[in-house]
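Encoded as C-alpha cells, the structure appears first; notes follow it.
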Amino acid sequence: MKIGILGSGDVAKTLGSGFLQHGHEVMLGTREPAKLADWAKQHPQGRVGTFAETAKLAELAVLAVKGSAAANALRAAGATTLAGKTVIDATNPIADAPPVNGVLKFFTTLDESLMERLQREFDSVRFVKAFNSVGNARMVNPQYKGGKPTMFICGNDEAAKKTVRGVLDQFGWETADMGTAESARAIEPLCMLWCIPGFLRNEWTHAFKLLTLPRTP
Ligand SMILES: NC(=O)c1ccc[n+]([C@@H]2O[C@H](COP(=O)([O-])OP(=O)(O)OC[C@H]3O[C@@H](n4cnc5c(N)ncnc54)[C@H](OP(=O)(O)O)[C@@H]3O)[C@@H](O)[C@H]2O)c1
C-alpha cells in the first residue's frame, strides 16, 4: 500500500521504517523537511513531503503528531484529500502540564476523547485508533517471551478496522477491537497507564496483553 504518515517525530519515523520493512511505499509529512534529513538518508526508498502531499499520496494514512496539534495537522493535510481514507490515529491528548507522581495529564475528558473530536470535525475520514498504547521502540515486530502483545483499536468503520488489523498482523500484534470511536475514551488513557512505570522506575519496554478464554459455544 501507499502509506502517508503525518509527522516527523519518533512514532512517524519508526512506523515509516516499519512500513518500508514490510514492503509498503512510504511518505512522511512535515512542516519542516529538514527534521527528516537523517531518516531520509537512512531510508533512500522512503519519501518526505508536506502534510498535503503526504495525504494526497496516502491509500492509508497515519496521524502521528502532537495531540494538541492533531486537528491543525489534519487541516493542513486537507479534509477533502483525506475524505473516505483510513487514518490510523496514534495520537494521545497529552497536556503541556507535567505528570503528577508519574501520571500524565490529558486535555480531554472521560466523556470525549481526542479521536471523537477529530471524527466530529473530519466526519468523512475513517479514523482507527491504534499504536497509541505502546512506546515507539516496540511498535514494529515486538518480541516478548509471553507471545504477541495486544493492540487495542477502535473506530466507526468496519472496513477501515479490517485494514488496520491487516497492518497489525503484519507488524506482529494481536488485535483487540474495542468497538466504535467512543471507545477511544478508554484506549487513549492506556497511554497514561503505559507511561507510569517509565516515569516512576525508568521502565519503558513493556506492552499490554489481553488474556482470554476460548468462547463456549
Ligand atoms: N513517542 C512515543 O513513543 C509515542 C507512543 C505512542 C503514541 N505517541 C503519540 O504519537 C504522537 C506523536 O508522538 P512523537 O513522540 O512521535 O512526536 P511529537 O513530538 O509528539 O509530535 C511531533 C509532531 O507534531 C507535529 N506538530 C507539533 N506542533 C504542530 C502544529 N502546531 N501544527 C502541526 N503539526 C505540529 C510536528 O510537526 P512538524 O513535523 O511539522 O514539526 C511533528 O510532526 C503523539 O500524539 C504522542 O502522544 C507517542
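If PHE131 satisfies all but one of (1) open to solvent by less than 10 Å² (accessible area, probe 1.4 Å); (2) part of a loop (DSSP other than H, G, I, E, B); (3) more than 11 Å from the ligand (Cβ to nearest atom), what's the number of the condition it fails?
Checking PHE131 against (1) open to solvent by less than 10 Å² (accessible area, probe 1.4 Å); (2) part of a loop (DSSP other than H, G, I, E, B); (3) more than 11 Å from the ligand (Cβ to nearest atom), the one that fails is (3).
Do we have any residue at all in the range 14-25 that's under 21 Å from SER124 (Cα atoms), in a helix (DSSP H, G or I) and of a type outside the set (A, V, I, L, M)? Show your work before the answer.
Taking the range 14-25 first, the residues under 21 Å from SER124 (Cα atoms) are none.
For the range 14-25, residues under 21 Å from SER124 (Cα atoms), in a helix (DSSP H, G or I) and of a type outside the set (A, V, I, L, M): absent.
Can you tell me which residue is nearest to LYS66 (Cα to Cα) among those in the range 1-38 that are among the acidic types (Asp, Glu) and more than 13 Å from the chain's Cα centre (by Cα)?
Quick first cut of the range 1-38, residues among the acidic types (Asp, Glu) only: 10, 25, 32, 38.
Those still in the list that are more than 13 Å from the chain's Cα centre (by Cα) too: 25, 32, 38.
Details: GLU25: 24, GLU32: 15, ASP38: 20 Å.
The qualifying residue nearest to LYS66 (Cα to Cα) is GLU32.
Let's see how each residue does on (1) touching a residue at least 12 places away in the same chain (Cβ under 8 Å); (2) touching an Asp or Glu at 6+ places or on another chain (Cβ under 8 Å):
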position: ILE5; (1), (2): yes, no
position: SER8; (1), (2): yes, yes
position: GLN21; (1), (2): yes, no
position: GLU25; (1), (2): yes, no
position: THR30; (1), (2): yes, no
position: ALA37; (1), (2): no, no
position: HIS43; (1), (2): yes, no
position: PHE51; (1), (2): yes, no
position: GLU59; (1), (2): yes, no
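Here's a check for you: in the range 69-97, which residue that is of a type in the set (D, E, K, R), open to solvent by 30 Å² or more (accessible area, probe 1.4 Å) and within 14 Å of the ligand (Cβ to nearest atom) is nearest to ILE187 (Cα to Cα)? If you could, list the steps in order and put the result at the bottom.
Start the filter on the range 69-97 by keeping residues that are of a type in the set (D, E, K, R), which leaves 75, 85, 89, 96.
Narrowing the set further to residues that are open to solvent by 30 Å² or more (accessible area, probe 1.4 Å) leaves 75, 85, 96.
When the remaining residues are screened for being within 14 Å of the ligand (Cβ to nearest atom), the result is 75, 96.
Details: ARG75: 24, ASP96: 20 Å.
Per the stated criteria, the residue is ASP96.
If I filter the range 26-57 down to residues being assigned to a helix (DSSP H, G or I), farther than 22 Å from ALA83 by Cα and open to solvent by less than 30 Å² (accessible area, probe 1.4 Å), which single residue comes out as nearest to the ligand (Cβ to nearest atom)?
As a first pass, look at the range 26-57 and keep what is assigned to a helix (DSSP H, G or I): 33-42, 51-57.
Next cut, farther than 22 Å from ALA83 by Cα only: 33-42.
Cutting the leftovers down to open to solvent by less than 30 Å² (accessible area, probe 1.4 Å) gives us 36, 39.
Numbers: LEU36: 8, TRP39: 11 Å.
The residue in question is LEU36.
Would it be correct to say that THR150 is polar (S, T, N, Q) and either out of contact with any Lys or Arg (no Cβ under 9 Å at 6 or more places or on another chain) or surrounded by fewer than 19 Cβ atoms within 10 Å (Cβ to Cβ) (or both)? Spell out the reasoning first.
Numbers: polar (S, T, N, Q): yes; either out of contact with any Lys or Arg (no Cβ under 9 Å at 6 or more places or on another chain) or surrounded by fewer than 19 Cβ atoms within 10 Å (Cβ to Cβ) (or both): no.
Criteria not met by THR150.
Report the residue count in the range 181-196 for those that are over 13 Å from SER133 (Cβ atoms) and either in a loop (DSSP other than H, G, I, E, B) or within 14 Å of the ligand (Cβ to nearest atom) (or both). I'd like the intermediate steps shown before the answer.
First, pick out the residues of the range 181-196 that are over 13 Å from SER133 (Cβ atoms): 181-182, 185.
Filter again for either in a loop (DSSP other than H, G, I, E, B) or within 14 Å of the ligand (Cβ to nearest atom) (or both), leaving none.
Looking only at that region, the number is 0.
Would you mind telling me which numbered condition in (1) assigned to a helix (DSSP H, G or I); (2) more than 13 Å from the ligand (Cβ to nearest atom); (3) under 19 Å from GLY172 (Cβ atoms) VAL11 fails?
Every listed condition holds for VAL11 apart from (2).
Going by what's in this entry, would ALA61 be described as away from the ligand (no atom under 12 Å from the Cβ), crowded, with 18+ Cβ neighbours inside 10 Å and either modelled with pLDDT of 95 or more or in a helix (DSSP H, G or I) (or both)?
On the way: away from the ligand (no atom under 12 Å from the Cβ): yes; crowded, with 18+ Cβ neighbours inside 10 Å: yes; either modelled with pLDDT of 95 or more or in a helix (DSSP H, G or I) (or both): yes.
Taking the combined requirement at face value, the residue satisfies it.
The values are calculated or read from the model by the stated rules, or taken from the named source; none is laboratory data. Note that this is a predicted model, so its numbers are computed, not measured. Quick reminder, even Gly has a Cβ in these numbers, built from the backbone with ideal geometry, and neighbours come from all protein chains shown. These area figures cover heavy atoms from the full protein model, side chains too; ligands, DNA and RNA do not enter into them. Shrake-Rupley method; radii C 1.70, N 1.55, O 1.52, S 1.80 Å.
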